[in-house]
Amino acid sequence: MTLAIRAEGLAKTYTGEGAPVKVFGDLSFELPEGVLAAVMGPSGVGKSTLLHLLGGIDRPDGGRVEVLGTALEELSPRERARFRNAHIGFVFQFHHLLPEFTAEENVAFPHRIAGVPEGEALRRARELLARVGLAERGGHGARALSGGEQQRVALARALARGPRVLLADEPTGNLDAASSQVVFDLLRELHRERGMTTVVVTHNPDLASRCDRLFTMSREGITAATGLSERR
Amino acid sequence: MRFETSVALRYLAASRRRAHVALIAGISVAGLAVGVAALVVSLALLSGFQDRIRRQMMDRTAHLRVSAERGAKLADPERVRAALEAVPGVTQVSPAIEGRAWASNPADPSAIPVPLRYRSAASGRLGAGTGGARITGAIAARLHLGAGDGIRLASSRSRLSPIGPLPVTAVVPVDEVRRGSALDKPGEIEVSVETARLLSDTPAGAAAYEARLADPESAAFAASGVARALGGGYRVETWRELNGPLAFALRLEKSVIFLTVALVILVAALNIVSNIALTVVEKKRDLGVFTAMGAAPRSLLRIYLTLGAAIGAIGTLGGLLFGIGLSLALERFRLVPLPSDVYLLSHVPFAVHPAEVAVIAAFAFATALGAAVLPARAAARLAPGEAIRLSR
């Protein structure tokens, strides 16, 4: 089975104000293509940091990340940005839609970053919004949408470029139970439909149990409940 | 439209909804506009005065002057005259004759003689045969003379007479009393060529020949034609070169005023720095999200440079419209009057020169853009993961 994600010996320490905070020192993680994986664990163990490292928006202090056979560390910042635009989608807990723009403009951004003309980018964005059930809401500002709708727009934005890897950081963490179900069902549907490799960080055991694989992260390490086992 | 441009313009438009950002953005734009307007009005004021001096320069000095490269006199004055007359656009050619004399009032023996330099008139208004003189207001006052009175000129040269050497003298009518101008030298008088020849004892030839042109702006082109026709051994100068020190002083004055008033624009640029830095901090999360979507650091840089350019364009355009409008109104309606008996002008003149406006616009826009570079580079260096992590 081909590996979509392979991380070896990852180390990350945050050095901001105050004493440095070591998140992990030697973390390894692998995931085959087409798998929907859930990562669970208490707050502060580095789940979001792991996603950022896998997506190349943060750089590890040590170790190596390969996504779809490409070592992210070996790419220049520009190449890494292009790779991310083409192959990796991100969904954040707080949707992070840009409030100055409408839903369809938000979804069109990945295309526009890739250089797709504005009109064509918006047309594709409308199609995708229709797919997530928000055809009528495209012209609304991000603030005018409900929490569930905002997260569905964020999901559409993450999928805009047809990525092969989707990284979702607590995509339902900020939603009520009903909206969580809707968003997670949609995410699962799109995952199957598009044959993506998806990593979902979640605190919800019910949702996690519906994934293909479950990883548990703790201070001691990351453990695969099925299949792969990693150590820190 | 590029995505960076859309984002920058939307940020600028949306800042109206955030009072503190709107205030700083407003101050940035207004500061730049005030600086630009101040520069436009200051330079228009200077240009108004300098244009008048320039016109006087063209009016009162020869447009072309040909003198010998070595020696006090032209070796072949007729050849020089012919060469000047052959230049298209030349309206008058006259010899330049200069010397020193004492001037006095023949009708007022109590008036003290005044030492001065005389020179043959270049403007041609003292035509051949009139024998008149053009004097400055200062000389007229000292000698109690007015237009139509006679003036006695005693040359520093002398002639032999039965009673010994006597100075060469001439009494000529005063054709014109000039009111003071920047170009008038206090001890100088213009006389006709005939009077100058008599006083200097130069019956023929001249130290130089001077010409006037229908279009003084073409003097440089005409000068090169004359120089080619005459070959070596001659010095051909245009009115710009003849008034070089004054022209330099005027340029220097304008440069100093530009640099001084431009400080207002530099202060406005500091506001732009703080405005864009504030937006970078406010939109830190967006920068992280753009990076997650695949935007390269260069794109983030471009967003904020475009924001600086937009603020620069709005401020510059506003300042230009206000400054040009105000300058034109000040000139058109003569809003700043002057006592004409003191200043020779009835109002403060303003002249807007398009080239200067272009320089001001370019300077202001470039400064605004430059001000955006520092915060824009900070945005491009931002760690996206941290931006997203800290903005939860």
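What follows is calculated from the coordinates using simple rules that are stated; it is not laboratory data. Given the structure is predicted, the values throughout are model-derived calculations rather than measurements. A quick note on method: Cβ atoms are made from the backbone with ideal geometry, for glycine too, and the neighbour counts reach across all protein chains shown.
Looking at the stretch B:300-392, the chymotrypsin sites (Phe, Trp or Tyr not before Pro) that sit in a DSSP loop and have at most 16 other Cβ atoms within 10 Å of their own Cβ are B:333.
Which whole-number percent of Cα pairs in the protein assembly as shown have a distance greater than 47 Å? Write down the numbers at each step before the final one.
Numbers: 91628 of 194376 pairs.
Cα-Cα pairs in the protein assembly as shown separated by more than 47 Å: 47 percent.
Which values, in whole Å and largest first, are the semi-axes of the equivalent ellipsoid of the stretch A:3-224 obtained as the square root of 5 times each eigenvalue of the Cα gyration tensor? They are 28, 20, 17 Å, listed from largest to smallest. Anisotropy class assigned to chain B is prolate, per the alpha carbon gyration tensor with a/c at or over the 1.5 cut-off and a/b larger than b/c. Could you work out how far helix A:147-159 tilts from the main Cα principal axis of chain A, as a 0 to 90 degree angle to the nearest 10? It is inclined by approximately 80 degrees.
Relative contact order for chain B: what is it in percent, counting Cα pairs under 8 Å that are at least 6 residues apart? Could the numbers behind the result be given before it?
Working: 686 pairs, mean separation 112.1, N = 392.
Averaging sequence separation for qualifying contacts and normalising by length gives 29 percent for chain B.
Taking the Cα centre of chain B as origin and charging only Cβ (+1 Lys, Arg; -1 Asp, Glu), how large is the dipole, in debye to the nearest 20? Don't jump to the answer; show the numbers that get you there.
Numbers: 44 positive and 29 negative charges, 346 e Å.
Approximately 1660 debye in magnitude.
Ranking B:62, B:86, B:101 by Cα position along the charge dipole of the stretch B:44-105, where only Lys, Arg, Asp and Glu carry charges on their C-beta atoms, puts B:101 farthest toward the positive end. Legend: mean number of C-beta atoms from other chains within 10 angstrom of residue C-beta atoms, peptide A:46-57, equals 3.
Basic side chains Lys and Arg get +1 at the Cβ, acidic Asp and Glu get -1 at the Cβ, and with that the dipole of the stretch B:248-348 about its Cα centre reaches some 380 debye. Comparing Cα centroids, the stretch A:59-86 and the stretch A:93-151 end up 26 angstrom apart.
Does the stretch B:1-105 come out rounded, prolate or oblate by the C-alpha gyration tensor, with a ≥ b ≥ c the root eigenvalues, rounded set by a/c under 1.5 and, if not, prolate when a/b is larger than b/c and oblate if not?
Prolate, since a/c reaches 1.5 and a/b exceeds b/c.
By the rule of a C-alpha distance below 20 Å, with chain neighbours fewer than 8 residues away ignored, the lysines paired with residue A:12 are A:22, A:47.
When Rg and the Kirkwood radius Rh are both evaluated on Cα atoms of the stretch B:64-239, their ratio Rg/Rh stands at 1.01. In this structure the amide hydrogen of residue A:5, modeled in the peptide plane, comes within under 5 Å of the amide hydrogens of A:31, A:68, none closer than 5 places in sequence on its chain. Using θ = phi - 60° in the Karplus curve 6.51 cos²θ - 1.76 cosθ + 1.60, the 3J(HN,Hα) couplings for the stretch A:68-84 round to 6, x, 9, 7, 5, 5, 7, 8, 6, x, 5, 5, 5, 4, 5, 4, 4 Hz; x is entered for Gly and Pro. Within 10 Å of the Cβ of each residue in B:224-230, the mean number of Cβ atoms contributed by other protein chains is 0. With the highest mean first, a sort of the peptides B:76-88, B:59-71, B:291-303 on other beta-carbon atoms found within 10 angstrom per residue produces B:291-303, B:59-71, B:76-88. Here's the picture: charge each Lys and Arg Cβ at +1 and each Asp and Glu Cβ at -1 in the stretch A:3-224, and of A:168, A:128, A:71 the one pushed furthest to the positive end of that dipole is A:128.
Taking the Cα centroid of the stretch B:203-282 and of the stretch B:344-392, what is the distance between the two, rounded to the nearest whole Å? Going from one Cα centre to the other spans 27 Å.
Once you have a ≥ b ≥ c as the square roots of the Cα gyration tensor eigenvalues for the stretch B:128-225, tell me rounded if a/c is under 1.5, and otherwise prolate or oblate according to whether a/b is larger than b/c. Cα axes put the stretch B:128-225 in the oblate bin.
What net charge do the residues around residue B:232 carry, taking every other residue with its C-beta under 14 Å from that of residue B:232, with Lys and Arg at +1 and Asp and Glu at -1?
So the surrounding residues net to +2.
How many Cβ atoms of partner chains, on average, are near each residue of A:69-82 if near means within 10 Å of its Cβ? List each step's numbers first, then the result.
Working: counts 0, 0, 0, 0, 0, 0, 0, 1, 5, 4, 1, 4, 12, 2.
If you average over the peptide's residues, the count of other-chain Cβ atoms is 2.
Can you give the calculated 222 nm mean residue ellipticity of chain A, where each DSSP H run of n ≥ 4 adds -39,500 (n - 2.57) and the sum is split over every residue, rounded to the nearest 500 deg cm²/dmol?
Details: 7 runs with 81 residues, N = 232.
The helix-only estimate for chain A comes to -10500 deg cm²/dmol at 222 nm.
Backbone phi angles across the stretch B:329-339, fed through the Karplus curve with coefficients 6.51, -1.76 and 1.60 (θ = phi - 60°), yield HN-Hα couplings of 5, 4, 6, 5, 9, 6, 6, 10, x, 10, x Hz in residue order; Gly and Pro are listed as x. If only the Cβ of Lys and Arg carry +1 and only the Cβ of Asp and Glu carry -1, the dipole of the stretch B:64-239 around its Cα centre is close to 360 debye.
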